[in-house]
Amino acid sequence: MDENENKLLEHAADGIQEYDNPLPGWLLAILYASIVFSVVYVGFYALAFAPDSYDAELRQEEIADRAVLQAYFNANPLVPPSTENLLAEAVDVDVLSKGAGRFAKTCASCHGEAAQGLIGPNLVDNQWLHGGKVTQIFNTVVKGVPAKGMPPWGRAIPPEEIAAVVSYIRSLQGSHPDNPKPGEGEVVEPEPMPQGR
Amino acid sequence: MTTELETVRYDDKIARMFFGATIAWAAVAMIVGVTIAALLFLPNLNLAPYLTFGRLRPLHTNAAIFAFCGNLIFAGTYHSIQRLLKTRLYSDVISRVHFWGWQLLIVAGAFALVFGHTQGKEYAELPWILDIVIAFLWVLFAVNVFGTIAIRRERHLYVAIWFYIATIVAVAILHIGNSIVVPYSWLDSYPAYSGVKDALMQWWYGHNAVAFFLTTPFLGLMYYYLPKAADRPVFSYKLSILHFWSLVFVYIWAGPHHLHYTALPEWASTLGMLFSLILWMPSWGGMVNGLFTLRGAWEKVREEPVLKFFVVGVTYYGMSTFEGPMLAIKSVNAVSHYTDWTIGHVHAGTLGWNSFMAFAILYWVVPRLWHTPLFSKSLATVHFWIATVGLILYQVSMWVAGITQAMMWRAFEPDGRLTYPDFIETVVTLVPMYWVRLLGGSLFLTGMCLALYNLHRTIGAAPKGYEADEEVQAPALESKSATVPGATTAPNTYDHALYRVQQAISHGIHRVLERHIVVFTVLVALAVAVGSLVEAVPMFVDDSNVKTIASVKPYTPLEVVGRDIYLREGCYNCHSQMVRPFRHETERYGEYSKAGEFVYDHPFQWGSKRTGPDLHRVGGKYPHLWHVRHMDDPPSTTPGSIMPAFPHLLTDDYSVDDITAKLEAFRTLGVPYGDNDVAGAEASMKTQAEQIAVEIALQRGPKDLASKEVAALIAYLQRLGTDIQWRPVERPASLATVAPAKEAAQAGDEASKKEDAPTGAANPAGGE
């Protein structure tokens, strides 16, 4: 770059000189554009949105979402598993390993790694607080017992996995883990498995 | 006209002291940085209670900002201002008190943070008593700088000095504005503001700490050292004027972009976003002036590590001041906020801009101040390349981690479930990126070690007598009232006055302003004040900005103590308390957070990063025992958790003695505790803690927790977000509505606020 193209200011600061170059056009253009955009945005915002629009937007989204979900469930109705399904799967090795995986990940922190009971109740004995039939257990997992700190897992875990966990729990009936939590609730004899056991 | 020359002896010793401290603290800040990069995802490395991520992360940020960058600012300012004004520093005594005071402050601050004395507000964590020390030392700095300006031999103030003045004025305003507190002990206090107001003030401060501690002083340094090192004239004086004033005026408005989609009123958020966008070009003005100054010097860049560091430093300034406005756009921020993207952005600025500028200046100035050539230019070049690779690894890993996690948070299944309902799933996915970040940071630190060695050897080779202050000859300050050449009338007549006005204006109006230091400083203060007042005043005078909620009550004494433990352990460094009004957040956490819920939160604890999940609706979500086990050993409740263990909470007694002082402090701030509340505080704590302990024992937990800190912390956590009643959003169909059996009595039908974990996404395994 030829220095003669740039006019130097006559003054120097500790030997540092300064050119008197004009402002780059593109820089000014973007600066002005950002200011114009801001004015337009404020105008648009003031006219098009009501106060509390975060709330309004969220509620609108929820309504739209509900319609989409309704359509989805119309096409794919939810079918809860039957007692027979749940019991049959309690001897299916593939299902049980899937159930065991989910149990370890989600349930063990409160019910203990061997379902012996910890924060939550013992799941291997024959006493139940919310019903001991497999469909009842399924229901309890789906809806949770929020008052006692058990979340409604139906909102988070796919139905097949909940069914697999219930089958897994059924398969643990009568096992003898270390340090079992004393039984709570009414005594319910487990429903018989298809092939005995 | 007299051209008599006077002898000026620069105080180079103080510059050597501050530059030396800069090098030392840079190494410390980066060592702590790499350490916490490991502590973040390797929980077993945390050594509770003192050396945990939550306590060391503030140590890292404070060391990097105030120790490393702070010392460099003082060093560069003191070194350059004497030469720009052709005078010795105003006071050697003030300089020395300033130096030693600042170093002691840093050491005291480090101890305070490690021992858990924190104000709980990012980059403003230091205890109130140290805040006073900071203010005092800052005044000394100001006296020294303005005193030097007053005894200058150059009428004209060079652009670097404009930036130093802006720094001094704005940091003083920000520091005082955000540090108003009511103390309850020598080290601890509660901030005057609460909730939304505290958040606004904090990010007004936090964002402008970036502006006026990490940007304007560094631009000032750039304007001195870059043209010096390149031996080229500055590209454009006009651009200096434009970007200086626009930067100073616009920056201060941008703070609320840290609070998009929170309980902050939307008008403030909008202002924050728009001024951030406008800020783009004012910021780039500095980059353009820096890079274009190197025109004609690119040959030297190939040879000179100093210029290499300048080029990448200034380029990274441009990069991060583009990224900043982009992240300030609400819809972009909706994705980036609370993720590692923010961390990546910050480090683009601090590593890319601040550190590279620091290295450039150090490699240039140390040989000059110690009168010896740099020990090894090639080692400096190696440092440059290692640091650049480390920086890129850091940034890219954080981009990938941030965007990955944001996408996982918001992913839904077709049946309305969150794809990743367990928060921990979104955490463990990032671990490979945390390794890459650790590698990048380690490379950067390796480069720092090379610099340490290189500069140490350079200083060691200083010749005898290097301590002598540099002497120069400079003419005395020309008289302000220049006389008309060849005049016959007295200098105080209108003729002369008219002549002076013509002369002044012929060089542009800004040239006049640069000579009137008081006017200049007042204008800077006004420029900073406008944005501050427009955003803060309505927040404090217009109650509609924070709609009160009748059911929101002050914390109980035990909850107050628990909250102080939450602050002490630095939980806010990884957990937010702000559910944003997004479907994926209300599904995951529960009803979004309302402004009125935080009116008793001194300080607010909304956080800025979710390494763990949001906690605002955690109250009632888990049984007490879950929390006990989680604090004692996080993976026991959350397999894969990267949270450090806090076993001391189960063994240490919570503090009882200072509860009266705490409640009185809150009363001073207007929290409506009655006389009975204060008088009965101890009894109330005991009752509440015993009740919690009994419930834990009933759940088969440890039996002796009634006096332990964990009981107080649980009291606080179980209170969080429960002051309002809310229900999960209804689904059109779910297993819960079509499930088979009716026979089981379900406790889940309760509509009370006790309906915890209502979103269902809640997972004990998500409590990381």
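Tabulated data
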| item | result |
| --- | --- |
| Filter pass, B:Pro644 being at pLDDT below 95 and either assigned to a loop (DSSP other than H, G, I, E, B) or surrounded by fewer than 17 Cβ atoms within 10 Å (Cβ to Cβ) (or both) | no |
| Scope the range B:533-546; condition surrounded by 13 or more Cβ atoms within 10 Å (Cβ to Cβ) and either outside any helix (DSSP H, G or I) or touching a Cys at 6+ places or on another chain (Cβ under 7 Å) (or both); matching residues | B:Val546 |
| Criterion (more than 20 Å from A:Tyr41 (Cβ to Cβ) and of a type outside the set (Ser, Thr, Tyr)) met by exactly one of B:Leu259, B:Leu274, B:Leu264, B:Leu242 | B:Leu242 |
| Matching residues, the range B:547-585, being surrounded by fewer than 20 Cβ atoms within 10 Å (Cβ to Cβ) and within 22 Å of the chain's Cα centre (by Cα) | B:Arg568 |
| Residue among A:Leu58, A:Leu27, A:Leu47, A:Leu69 that is crowded, with 17+ Cβ neighbours inside 10 Å, closer than 30 Å to B:Met281 by Cβ and of a type in the set (A, V, I, L, M) | A:Leu27 |
| Residue within the range B:240-252 that is at the interface with chain A (Cβ under 9 Å from one of its Cβ atoms), in contact with a helix residue (DSSP H, G or I) (Cβ under 9 Å, 6 or more places away or on another chain) and in contact (Cβ under 8 Å) with a residue 60 or more places away in the chain present | yes |
| Any hit, the range B:704-713, residues being more than 14 Å from chain A (Cβ to nearest Cβ), surrounded by fewer than 21 Cβ atoms within 10 Å (Cβ to Cβ) and out of contact with any strand residue (DSSP E or B) (no Cβ under 6 Å at 6 or more places or on another chain) | yes |
| Residue match in the range B:422-429 (condition: polar (S, T, N, Q), surrounded by fewer than 21 Cβ atoms within 10 Å (Cβ to Cβ) and not in a strand (DSSP E or B)) | yes |
| The range B:258-290: number of residues that are more than 7 Å from every other protein chain (Cβ to nearest Cβ), of a type in the set (A, V, I, L, M, F, W, C) and more than 21 Å from the chain's Cα centre (by Cα) | 2 |
| Test: residue in the range B:132-143 that is over 30 Å from B:His516 (Cα atoms) and not hydroxyl-bearing (Ser, Thr, Tyr) | yes |
| First in the range B:16-33 and assigned to a helix (DSSP H, G or I), second anywhere and among the polar types (S, T, N, Q), Cβ under 7 Å, 6 or more apart | B:Phe18/B:Asn71; B:Ala21/B:Asn71; B:Ala21/B:Gln103; B:Thr22/B:Asn71; B:Trp25/B:Asn71 |
| Positions within the range A:117-133 being over 17 Å from A:Lys148 (Cα atoms) and among the aliphatic types (A, V, I, L, M), in sequence order | A:Val124 |
| Qualifying residue in the range B:425-445 (condition: touching a strand residue (DSSP E or B) at 6+ places or on another chain (Cβ under 8 Å), within 30 Å of A:Gly154 (Cβ to Cβ) and of a type outside the set (Lys, Arg)) | no |
| Filtered residues of the range A:149-183 (kept if under 18 Å from A:Ile119 (Cβ atoms) and either among the aromatic types (Phe, Trp, Tyr) or without any contact (Cβ under 8 Å) to a residue 12 or more places away in the chain (or both)) | A:Pro151, A:Pro152, A:Trp153 |
| Any chance B:Gly116 is in contact (Cβ under 8 Å) with a residue 24 or more places away in the chain and assigned to a helix (DSSP H, G or I) | no |
| Among the residues listed as A:Pro22, A:Pro77, the single one being surrounded by fewer than 16 Cβ atoms within 10 Å (Cβ to Cβ) and touching a Lys or Arg at 6+ places or on another chain (Cβ under 7 Å) | A:Pro22 |
| Residue that is farthest from the other protein chains (Cβ to nearest Cβ), among those in the range A:144-190 that are part of a loop (DSSP other than H, G, I, E, B) and small (Gly, Ala, Ser) | A:Gly174 |
| Matching residues, the range B:217-238, being surrounded by fewer than 23 Cβ atoms within 10 Å (Cβ to Cβ), in contact with a helix residue (DSSP H, G or I) (Cβ under 6 Å, 6 or more places away or on another chain) and facing another protein chain (nearest Cβ under 8 Å) | B:Phe235 |
| Boolean, A:Gly101 is surrounded by fewer than 21 Cβ atoms within 10 Å (Cβ to Cβ) and closer than 17 Å to B:Pro639 by Cβ | yes |
| Per-region count, the range B:71-128, residues within 30 Å of B:Ala665 (Cβ to Cβ) and not small (Gly, Ala, Ser) | 19 |
| From B:Gly402, B:Gly416, B:Gly447, B:Gly441, residue being touching a residue at least 60 places away in the same chain (Cβ under 8 Å) and within 14 Å of chain A (Cβ to nearest Cβ) | B:Gly416 |
| Helices (runs of 4 or more DSSP H) fully within the range B:185-288 counting 3 or more residues that are farther than 30 Å from B:Glu514 by Cβ | B:195-213 |
| Total residues in the range A:72-90, condition in a helix (DSSP H, G or I) and within 9 Å of chain B (Cβ to nearest Cβ) | 4 |
| Filter result (away from chain A (no Cβ under 12 Å) and under 28 Å from B:Gly344 (Cβ atoms)) within the range B:590-614 | B:Pro603, B:Phe604, B:Gln605, B:Trp606, B:Gly607, B:Ser608, B:Lys609, B:Arg610, B:Thr611, B:Gly612, B:Pro613, B:Asp614 |
| The one condition in (1) more than 21 Å from B:Phe598 (Cα to Cα); (2) out of contact with any Phe, Trp or Tyr (no Cβ under 9 Å at 6 or more places or on another chain); (3) surrounded by 20 or more Cβ atoms within 10 Å (Cβ to Cβ) that B:Arg700 fails to fulfil | (3) |
| The lone exception for B:Ser636 - which of (1) modelled with pLDDT of 95 or more; (2) in contact with a helix residue (DSSP H, G or I) (Cβ under 6 Å, 6 or more places away or on another chain); (3) small (Gly, Ala, Ser) it fails | (1) |
| Leading residue by the ranking (nearest to A:Phe103 (Cα to Cα)) among those in the range A:130-143 that are more than 7 Å from chain B (Cβ to nearest Cβ) and aliphatic (A, V, I, L, M) | A:Val141 |
| Residue match in the range A:17-32 (condition: more than 10 Å from chain B (Cβ to nearest Cβ), in contact with a Leu (Cβ under 8 Å, 6 or more places away or on another chain) and not aliphatic (A, V, I, L, M)) | no |
| Which listed residue, of B:Arg88, B:Arg57, B:Arg96, is charged (D, E, K, R), in a loop (DSSP other than H, G, I, E, B) and in the same structural domain as B:Leu130 (by TED's automatic domain parsing) | B:Arg88 |
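The values are calculated or read from the model by the stated rules, or taken from the named source; none is laboratory data. For clarity, every value in this text was computed on a predicted model and none was experimentally measured. Virtual Cβ from ideal backbone geometry, glycine too; neighbours counted across all protein chains shown.
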